[in-house]
Amino acid sequence: MQIVKGIDHVALVVSDVRESLRFYEGILGLERLLERPELSFSGAWLALGDRQIHLLELPNPDPVEGRPLHGGRDRHLAMVVSSLDMLCGRLEAAGLPFTLSRSGRHALFCRDPDGNGLEFIEIA
């Protein structure tokens, strides 16, 4: 019997919530959810379809330097997008590096301001 049914939310450690929101809201276009439980640290919730991303403003114990350039060779969060071309344009306009999937899928990898690996897949 399967006990785990799915994912409710993903938590990402960030050093500066405001800077991260410029990326997640401004470039990716995610909607910020204003209702947030009282916690002892700053953070933000973002809508991701019927799920959420929880940004946790905490000291990051993971090294940012020395991580693989291609995020597919590192731990990452994979998200579905409606238009990979539109996302490429936004990343290029912001001067943010990304790499295309090496598997031949219509996907790309990039990192947020704190080095968290992100994959974006266009599914028709």
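The values are calculated or read from the model by the stated rules, or taken from the named source; none is laboratory data. Quantities reported herein were computed from a predicted structural model and do not represent experimental measurements. Methodologically, a virtual Cβ is constructed for each residue, glycine included, from the backbone with ideal geometry; neighbour enumeration extends over all protein chains shown. Heads up: the accessible areas ignore ligands, DNA and RNA and are worked out on the full protein's heavy atoms, side chains in. Shrake-Rupley method; radii C 1.70, N 1.55, O 1.52, S 1.80 Å.
Here GLU38 passes the criteria (1) open to solvent by 60 Å² or more (accessible area, probe 1.4 Å); (2) closer than 15 Å to ASP112 by Cα; (3) without any contact (Cβ under 8 Å) to a residue 40 or more places away in the chain; (4) not small (Gly, Ala, Ser) except the one numbered (2). Kindly evaluate HIS9 against the criterion of being touching a residue at least 40 places away in the same chain (Cβ under 8 Å), open to solvent by 50 Å² or more (accessible area, probe 1.4 Å), of a type outside the set (D, E, K, R) and touching a strand residue (DSSP E or B) at 6+ places or on another chain (Cβ under 6 Å). Answer is yes for this residue.
Any idea which of HIS70, HIS54, HIS76 is touching a strand residue (DSSP E or B) at 6+ places or on another chain (Cβ under 7 Å), open to solvent by less than 80 Å² (accessible area, probe 1.4 Å) and modelled with pLDDT under 90? Sole residue among the options that is touching a strand residue (DSSP E or B) at 6+ places or on another chain (Cβ under 7 Å), open to solvent by less than 80 Å² (accessible area, probe 1.4 Å) and modelled with pLDDT under 90: HIS70.
Of all positions in segment 57-66, at least one carries a residue that is over 11 Å from the mean Cα position of the chain (by Cα) and part of a strand (DSSP E or B). The set of residues in segment 82-124 that are β-branched (Val, Ile, Thr) and buried (at least 18 other Cβ atoms within 10 Å of the Cβ) is empty. The single condition from (1) touching a His at 6+ places or on another chain (Cβ under 6 Å); (2) among the charged types (D, E, K, R); (3) closer than 18 Å to ASP16 by Cα that GLU122 fails is (3).
Checking each residue in segment 16-43 for being in a loop (DSSP other than H, G, I, E, B), under 14 Å from the mean Cα position of the chain (by Cα) and small (Gly, Ala, Ser) picks out only GLY29.
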